[in-house]
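See below for the structure under consideration.
The values are calculated or read from the model by the stated rules, or taken from the named source; none is laboratory data. Quantities reported herein were computed from a predicted structural model and do not represent experimental measurements. Note that each Cβ is placed from the backbone with ideal geometry, even for glycine, and that neighbours are counted across all protein chains shown. Surface accessibility is based on the protein's heavy atoms, side chains included, excluding ligands, DNA and RNA. Shrake-Rupley method; radii C 1.70, N 1.55, O 1.52, S 1.80 Å.
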Amino acid sequence: MSDLKGTWHNLPSLGLSLRVLFTGYLVATGFGLLMAGGQILLTHGMADGEFGLSVDDVVYSYYGDRNNSKLESKLNGSMSDKATEEEKRQLVYWVRKGASEKEWEKTIKPIVQSKCVMCHSAIPGIPDYTTYEGLKEVAKVDEGIGIDSLTRVSHIHIFGIGFILFFVGLIFSFAVGISKLVKEVIISIPFTFLILDVLSWWLTKFDPKFAWITIIGGFGYIACLGIMILVSLYQMWVLPYNGKEYNINEWVDG
């Protein structure tokens, strides 16, 4: 490995402090991606009432289930385990009978207070069910995520994932033994998938046939991130200690 020593701009010859810094960031990013995947499976992935992300989940999340109210969709999907069958039946019956305030006070409010308000009153960003007006809002036809929420989520997602792609791509750019073209493609493709992913949310909001693009976009940039993280970790911690000597001209881009 002596031919690579004296340069800092390739992963196998990095000093220990930089390797530790880069590794900490890559491992934390990888762990964050796993947690994000779990969160998606437990929220969007339960939109159709079944575990696992599908096209229907994407449609219900962004376009909605326009044959039902948002409350019914949640009770049959991601919130199906939060109430008994009898309680869910009463809530659905209330919605379909017009969601009257009188019936809210008599029958619905006690159910909501015992099963819903521990989250739907204290967590910012989710509907407040402590009042009749708050629950009636989700008793309307389910049109999926609102435009205001979609705008907020879109810009947060683009900025957040964009920063992650930049720093992971920067570290990966110091990899050796990979042609410039392949490296440039792997670094650039995730940004394309990211824009495609967010764009598909908006398209699906107005037409459910675009939902499949969301799955392709999400898996696309996650796959590229995974490749860059694994290759970078391998080159920092395996190549310098595998006992082989390399010619710098074979390993470092010209």
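Once the Cα atoms are used to define both axes, helix 147-172 deviates from the longest principal axis of the chain by about 20 degrees.
Please label the shape of the stretch 161-202 as rounded, prolate or oblate, based on the square roots a ≥ b ≥ c of the eigenvalues of the alpha-carbon gyration tensor (a/c under 1.5 means rounded; beyond that, a/b larger than b/c means prolate, else oblate).
On the way: a/c = 5.56, a/b = 2.03, b/c = 2.73.
Here the stretch 161-202 falls in the oblate category.
Using a 1.4 Å probe on the protein heavy atoms only, what accessible surface does HIS157 show? Give it in Å² to the nearest 10. Solvent-accessible area, nearest 10 Å²: 40 Å².
Working from the pairwise distances between different alpha carbons, so that the mean of 1/r is found and then inverted, what is the stretch 164-246's Kirkwood radius in Å? The partial results should precede the final answer.
On the way: mean 1/r = 0.0705 Å⁻¹.
It works out to 14.2 Å.
In this entry, the chain is assigned a mean projected area of 16.3 nm², taken as a quarter of its C-alpha convex hull surface. Legend: translational diffusion of the stretch 1-148 by Stokes-Einstein, Rh = Kirkwood radius over C-alpha pairs, 37 °C, 0.692 mPa s; D = 179 µm²/s.
Stokes-Einstein diffusion coefficient for the stretch 7-91 at 4 °C in a medium of 1.567 mPa s, Rh from the Kirkwood formula over Cα pairs: what value in µm²/s?
Numbers: Rh = 15.8 Å.
The Stokes-Einstein estimate is 82 µm²/s.
The value obtained for the stretch 116-211, namely the Cα convex hull volume divided by the number of residues, is 134 Å³ per residue. Taking a point 7 Å from the Cα of VAL238 along the Cα-to-Cβ direction, the residues of the stretch 176-212 with backbone N closer than 19 Å to it are 176-179, 183.
If each Cα of the stretch 130-176 is one equal point scatterer, what is log10 of I(q)/I(0) from the Debye formula at q = 0.22 Å⁻¹? Rounded to two decimals, the profile gives -0.83. For ASP81, the accessible area of its heavy atoms, probed at 1.4 Å with every protein chain present, is near 110 square angstrom.
Using r as the Cβ-Cβ distance of ASP128 and VAL20, and R0 as 45 Å, what FRET efficiency do you calculate, to the nearest 0.05? Mind showing how you got there, number by number?
Values: r = 45 Å, r/R0 = 1.01.
Computed FRET efficiency for ASP128 and VAL20: 0.50.
Pull out a ≥ b ≥ c, the square roots of the eigenvalues of the alpha-carbon gyration tensor of the stretch 40-79, then state rounded if a/c is under 1.5, prolate if not and a/b is larger than b/c, and oblate in the remaining case. Mind dumping the intermediate values first?
Details: a/c = 2.19, a/b = 1.36, b/c = 1.61.
Taking the square roots of the gyration eigenvalues as a ≥ b ≥ c, the stretch 40-79 is oblate.
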